[in-house]
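Below is one structure, written out as structure tokens, with a few remarks after it.
Quick note: the coordinates plus some simple rules give every number you see, no bench work behind them. In this text the structure is predicted, and so the values were computed from the model without any measurement. Cβ sites come from the backbone with ideal geometry, for glycine too, and all protein chains shown count toward neighbours.
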Amino acid sequence: MFAYRRGALSGSGALAAILVGTIIFGFGGWTWGLVLIAFFALSTALSRYRQADKRQLADKFAKGARRDVGQVLANGALGAFIALLHCFYPVSPLLAAFLGSMATVNADTWGTEVGVLSRDLPRLITTRRRVPPGTSGGITLLGTTASTLGALVIGVLAYILMCVESVLIGDNALQLSWIVPVALFSGLLGSLFDSLLGATVQGIFYCARCQLETEKELHGCGLRTSHVRGALAEQRYGQLCQFTVGSVAGDSALGSDSEPMKGKWEAPQSSLPQRTIKEPPAMLSRLRKVIWALQKAVPVQA
């Protein structure tokens, strides 16, 4: 409610945030929930940083500083789904997938909010051609550095929180050393994939009245724009694919059968009899199939 009153969330966005937060806190635990809160707090602060300098580029982007239900779900629905799975299958690859998703979300936000302030013109990730600031698929050294730091912050924060939890339950915190590199790798990869989507399939439209390119089908001036290129007319679908890639990268970087799994994080055990939980390779395989199905669901124009 605080975020809604501060204008960071719309009414529908606030309801979606409550839903996503409840699922992640309830099924993932307090460490997962604090990682989610850290992302939202940091991304909101960065979106308001030097807002006057960013205002001239605001009409180019489909998303704004005030998040609606679509943006909240694009950012957090996958994490909530992974938290739900992790409740029934508390294995490290699902933890890695969640951290990969959150690291990608944070890296993307930091890269966008800081990158648009770069004094150097961005280069298109596919051709290295110079493009105007705010162009989909354009990257700068400043933005890429910010993305790297955004992923690193999530990794370090998650590592500290889970080390504290391990100490509280009497577990070995040294078994969590994989968290930071996995979050860094998957977050950076996911943010770069976002730039690749922006340069290839992100829907770009043209406003004849303002003579500007934009990601919006309805421009800020009120005129309906004409399609120029790209297939993703709704950026949130691209975001979901991007964050999915970050999750898969986190899962793959750890690996369900790799050596680091010997020191995997496990859910705290209660004094009550527990059934043995085995590694579920079939479940992880089905998760990957769902992920690729989401990506194939995006309409592609001929």
- [ ] Calculate the spin-label point distance for TYR49 paired with ALA208, positioning each point 7 Å from the Cα along the beta-carbon direction, and give it in nanometres.
- [x] 4.1
TODO: State, as an integer percentage, the relative contact order of the range 115-237 based on alpha-carbon contacts under 8 Å between residues 6 or more apart.
DONE: 21
Open item on the list: Taking the beta-carbon count within 10 Å as an exposure proxy, list CYS221, CYS163 from fewest neighbours to most.
Closed with: CYS221, CYS163
Task: Relative compactness, the range 115-176, computed as alpha-carbon Rg over 2.2 N^0.38 Å - done: 1.75
TODO: Treat each spin label as a single point 7 Å out from the Cα along the C-beta direction, and report the THR127 to LEU149 distance in nm.
DONE: 3.1
TODO: State, to one decimal in nm, how far the label point of ILE37 lies from the label point of VAL228, with both points 7 Å from Cα in the Cβ direction.
DONE: 4.2
